[in-house]
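First comes the structure, then the notes that go with it.
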Amino acid sequence: MRDVVLLTADSVRRDFVDAMPFVDGHDVLTGVTAGHYTRPSLAALQSSRLRASVQSRVIGPSLAEVLSEAGYETIGLVPTAQADPAFGFDAGFDHYDNYMSGSGNAAKNRRSGLREFLGSFDIVRQVYRRVYPMEANMADLPADDAVVDEAVERFNDADGPRFLWVHQMESHRPYGRGDDAIPGSVDRKAEASGGRHWFGSSEVTDAERRTILDAYRDALGRVDDRVERVVEGIDSEDPIFAFAADHGDEFGEEGYYYHQGYRRRVADPIIRVPVVLDGVDTVGDRCSLLDIAPTLAGAVGAEAPAAWQGNDLAKTETGETLTVAPWHDSATVCWQDFDRKLVARDADVSITDDEGEATVERTDVSEDVEAQLRDLGYSDAG
């Protein structure tokens, strides 16, 4: 059976893939995410189910579980609190690491209702980011170079067939470390755009926007180099190589910057991402990220579970997609067929299937996981 290598990266927009010459040298599909930030999007990718986006967690059987059942040795290296085992991301992996101390602990200390209430105010978010800048929080993660080196080593040491999933985080704002990163003052101003700024002007100047875009494109170039290093460094003769982003980012097109979960935005710059499925003959030039799992499973002869909702792109063209953008007890839902788009904003959302009804709600996790999410800007006060 052929090895399968799934490489994902944070915040890569479909219309910026030209900054990634190795990835762009393949046939690039236009993918639509099932969620609007990392956790619901990657959970839905691994689960091939909208329910995973609604609940912001992996729901089995996952891609890793299906490939493990088919005889694969499975390795997952995903350096973010968003992919913590507390959200089911380790299911099916022989080795899984999201590089967070204390990850996977049982939910014991619930987040206080007072902090959650205070976190709904812009001033709380802005004070928090001045104390804990995004660059400092991202610096707490392992360097993507080190994660990629570990991935190649673990893959080459494993017995075949092998499934490897590696996620890169350094394309997440502030788009680098040290001098490569966006200056903190510019990053904070952009984050506050679209709302009231309590510490000066929130209008991003043309020069500041160019600074952000230059840093972003440079970060994508470095991600691209690491993707090539993985593909060229593994000892596999005929692997299936897949690349996708969890979501994109906004750069002021509608007055907003970045991807901020609490806004529940489903603008195209956030939900349209590049997808590569090298080693699979696909039909069509567009897809949902829900299609990745059944396409990879089908390519190696593994049976796709009946619960999976994505298409095997070797057999079926995807003509329409759904994106669910959850945040606590509400979500924005976006349907599109790539020519038309229908959006229901900030709605009460539930999904009903053979497992019953699931609603959008906040996931209780341990305090250490909560702190990690907050530091990365994915919690109420972040």
Could you grab me the full set of residues in the stretch 1-23 that are in contact (Cβ under 8 Å) with a residue 24 or more places away in the chain and open to solvent by 20 Å² or more (accessible area, probe 1.4 Å)?
MET1, ARG2, ARG14, ASP15, PHE16, PRO21, PHE22
As an exercise: evaluate ALA306 against (1) free of Cβ contacts under 8 Å to residues at least 40 places away in the same chain; (2) within 14 Å of LEU6 (Cα to Cα); (3) among the small types (Gly, Ala, Ser) and give the number of the one condition it does not meet.
(2)
Does the stretch 46-57 hold any residues that are closer than 18 Å to GLY261 by Cα and either open to solvent by 10 Å² or more (accessible area, probe 1.4 Å) or in contact with a helix residue (DSSP H, G or I) (Cβ under 7 Å, 6 or more places away or on another chain) (or both), and which are they?
LEU50, ARG51, ALA52, SER53, GLN55, SER56, ARG57
Which numbered condition TRP327 fails, given (1) touching a residue at least 40 places away in the same chain (Cβ under 8 Å); (2) under 30 Å from VAL4 (Cβ atoms); (3) buried (at least 21 other Cβ atoms within 10 Å of the Cβ)
(2)
THR30 being open to solvent by 10 Å² or more (accessible area, probe 1.4 Å), under 22 Å from VAL276 (Cβ atoms) and of a type in the set (Ser, Thr, Tyr):
yes
Looking at the stretch 336-357 only, could you name the residues that are in a strand (DSSP E or B), modelled with pLDDT under 90 and not acidic (Asp, Glu)?
ALA347, SER350, ILE351, THR352, GLY356
Pick out the one residue from ALA306, ALA302, ALA314 that is over 18 Å from ARG14 (Cα atoms), open to solvent by 10 Å² or more (accessible area, probe 1.4 Å) and out of contact with any helix residue (DSSP H, G or I) (no Cβ under 8 Å at 6 or more places or on another chain).
ALA306
Just give me the residues in the stretch 68-97 being in contact (Cβ under 8 Å) with a residue 60 or more places away in the chain and in a helix (DSSP H, G or I), in sequence order.
SER68, GLU69, ALA81, GLN82, ALA83, ALA86, PHE87
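Scan the stretch 317-335 residue by residue and report those that are part of a loop (DSSP other than H, G, I, E, B) and modelled with pLDDT under 95.
Step one: list which residues in the stretch 317-335 are part of a loop (DSSP other than H, G, I, E, B), which gives 317-320, 328-329.
Listed by number, the residues that qualify are HIS328, ASP329.
Condition check ((1) over 15 Å from ALA242 (Cβ atoms); (2) touching a Gly at 6+ places or on another chain (Cβ under 8 Å); (3) of a type outside the set (Phe, Trp, Tyr); (4) modelled with pLDDT of 95 or more) across all residues:
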site	(1), (2), (3), (4)
ALA9	no, no, yes, yes
MET20	no, yes, yes, yes
HIS26	no, no, yes, yes
PRO40	yes, no, yes, yes
Close pairs (6 angstrom Cβ cut-off, 6 or more residues apart or separate chains): under 15 Å from LEU29 (Cβ atoms) and in contact (Cβ under 8 Å) with a residue 60 or more places away in the chain in the stretch 227-252, open to solvent by 30 Å² or more (accessible area, probe 1.4 Å) and acidic (Asp, Glu) anywhere
PHE241/ASP278
How about the stretch 261-305: which of its residues are of a type in the set (Ser, Thr, Tyr) and either closer than 21 Å to MET20 by Cα or at pLDDT 95 or above (or both)?
THR282, SER288, THR295
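On the basis of being without any contact (Cβ under 8 Å) to a residue 60 or more places away in the chain and open to solvent by 10 Å² or more (accessible area, probe 1.4 Å), does GLU65 make the cut? I'd like the intermediate steps shown before the answer.
Values: without any contact (Cβ under 8 Å) to a residue 60 or more places away in the chain: yes; open to solvent by 10 Å² or more (accessible area, probe 1.4 Å): yes.
It is true that GLU65 is without any contact (Cβ under 8 Å) to a residue 60 or more places away in the chain and open to solvent by 10 Å² or more (accessible area, probe 1.4 Å).
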In the stretch 250-267, anything under 22 Å from ALA52 (Cβ atoms) and either open to solvent by 30 Å² or more (accessible area, probe 1.4 Å) or of a type outside the set (Gly, Ala, Ser) (or both) is listed as HIS259, GLN260, TYR262, ARG263, ARG264, ARG265, VAL266
Would you check if there is a residue in the stretch 191-213 being at pLDDT below 95, more than 16 Å from PHE16 (Cβ to Cβ) and part of a helix (DSSP H, G or I)?
yes
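The values are calculated or read from the model by the stated rules, or taken from the named source; none is laboratory data. Here the structure is a predicted model, which is why all the values come from computation and not from measurement. Glycine also receives a Cβ, built like all others from the backbone with ideal geometry; neighbour counts cover every protein chain displayed. Surface areas here come from the heavy atoms of the whole protein model, side chains and all, with no ligands, DNA or RNA. Shrake-Rupley method; radii C 1.70, N 1.55, O 1.52, S 1.80 Å.
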